[in-house]
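This report refers to the structure that appears directly beneath it.
The values are calculated or read from the model by the stated rules, or taken from the named source; none is laboratory data. Quick caveat, the model's predicted, so the values are computed rather than measured. Cβ: placed from backbone, ideal geometry, glycine included. Neighbour counts: every protein chain shown.
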Amino acid sequence: MDRPIGMFDSGFGGLTVARAVIDLLPHEHLVYIGDTGRYPYGPRPLAEVRGFAHQLAWSLVKEFDVKAVVVACNTAAAAALHELESELPVPVIDVVAPGTRALVRATSTGRVGVIGTVGTITSGAYQREVASCDIDTTTAGAGGRAGVDVVLTAAACPGFVEFVERGQTSGPEIEILAERLLAPVKEADVDALLLGCTHYPYLAEVIAGVMGRQVALVNSADETAREVRDVLAARKLLRDAAAAAAEPAEHRFLSSGDISWFADLGGRLLGPELRDAEQWHHEIVHATVSEHRT
Ligand code: DGL
């Protein structure tokens with residue numbers, strides 16, 4: 001199955017998920033779109049983010065003929081996941097459910113936290129996901145302790161994404177901001193904290209410095225990559241080694257913003273694959289999407 005996996009985010013954050021997918025599924029072609037021209041999504045109304053998510057997802061389906069769409073952005077998933085799942089002709093995988101599973105597995109005390117954008121946290125997506133998580137939350141603690149109820153504390157971290165998009169992942173400014181924004185999850189004495197925004201793994205050192213080393217930082221990327229593998233395997237959509245030997249996997253990276261910045265910072269965050277980043281024009285897609293949806 002030579003069609004690529006499609007993936008999108010508001011910018012550089014989804015590259016954390018792309019890294020995990022490339023590492024787990026090295027034979028797969030990948031097309032990644034970072035909507036850097038319109039980031040950040042977090043402070044925008046969810047209806048606006050939903051519109052962006054539709055453009056990106058349909059662009060991946062129609063222009064790139066992807067075999068699955070990975071919504072590598074929590075805010076976009078919070079805004080549009082269910083609609084995308086029911087509208088798109090290919091499987092849709094997001095980061096919210098896999099991240100929640102990883103979080104619930106990681107706790108021993110049952111006191112867990114999630115941090116994300118204002119859009120994600122106020123949408124209640126994680127609060128709902130934890131409540132309906134199919135893992136038995138009374139027995140799921142990774143510490144193996146039975147009878148643990150999971151209590152979630154959620155905190156929005158406005159400003160974190162902007163730091164990452166500017167390429168600033170350490171320093172006193174971000175440390176001061178982190179001290180303030182992480183106060184609710186620190187006060188709740190969580191033992192596991194989900195980075196519920198795909199940009200945040202780039203700030204893991206700062207977040208760990210504030211939270212303390214005893215708190216497990218949970219990243220949704222690896223669990224999401226495993227879900228991509230399982231969904232493709234179940235539908236017999238995985239690309240095999242023989243195909244990859246004949247034609248190595250191609251990884252394409254597109255951005256709606258400044259391409260040289262995308263290639264430069266993306267190259268530092270993900271690796272040399274970003275060198276040949278391409279332009280993505282959302283204005284052109286819009287007409288195609290509207291036409292398809294009516
Ligand atoms: N990476 C996006 C997420 O996971 C960031 C959203 C933004 O652009 O604010 O939510």
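Some points to look at:
This table checks each residue for (1) more than 12 Å from Val95 (Cβ to Cβ); (2) touching a Lys or Arg at 6+ places or on another chain (Cβ under 9 Å); (3) at pLDDT below 95.
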site: Ala192; (1), (2), (3): yes, yes, no
site: Cys197; (1), (2), (3): no, no, no
site: Val206; (1), (2), (3): yes, no, no
site: Val218; (1), (2), (3): no, yes, no
site: Ala242; (1), (2), (3): yes, no, yes
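- Selected residue [away from the ligand (no atom under 15 Å from the Cβ), farther than 22 Å from Pro158 by Cα and surrounded by fewer than 20 Cβ atoms within 10 Å (Cβ to Cβ)] from His82, His54, His29: His82
- Some residue of the stretch 67-84 being in a strand (DSSP E or B), among the small types (Gly, Ala, Ser) and under 30 Å from Ala216 (Cα atoms): no
- Which listed residue is more than 12 Å from the ligand (Cβ to nearest atom), among the small types (Gly, Ala, Ser) and in contact with an Asp or Glu (Cβ under 6 Å, 6 or more places away or on another chain), from Ala77, Ala20, Ala47, Ala72: Ala20
- A search for C-beta distances below 8 Å between a residue of the stretch 106-120 that is in contact (Cβ under 8 Å) with a residue 40 or more places away in the chain and over 9 Å from Ala154 (Cβ atoms) and any residue that is among the basic types (Lys, Arg) and away from the ligand (no atom under 11 Å from the Cβ), counting only pairs 6+ apart in sequence or on different chains, returns Ser108/Arg145.
- Checking the stated criteria, Val190 turns out not to satisfy the condition of being in contact with a Leu (Cβ under 7 Å, 6 or more places away or on another chain) and either of a type outside the set (D, E, K, R) or without any contact (Cβ under 8 Å) to a residue 24 or more places away in the chain (or both).
- All helices (runs of 4 or more DSSP H) inside the stretch 172-259 with 2 or more residues being under 21 Å from the mean Cα position of the chain (by Cα): 172-181, 204-211, 220-234
- The set of residues in the stretch 84-112 being farther than 29 Å from Leu182 by Cα and in contact with a helix residue (DSSP H, G or I) (Cβ under 7 Å, 6 or more places away or on another chain) consists of Leu84, Leu88, Pro89, Val90, Pro91, Val92.
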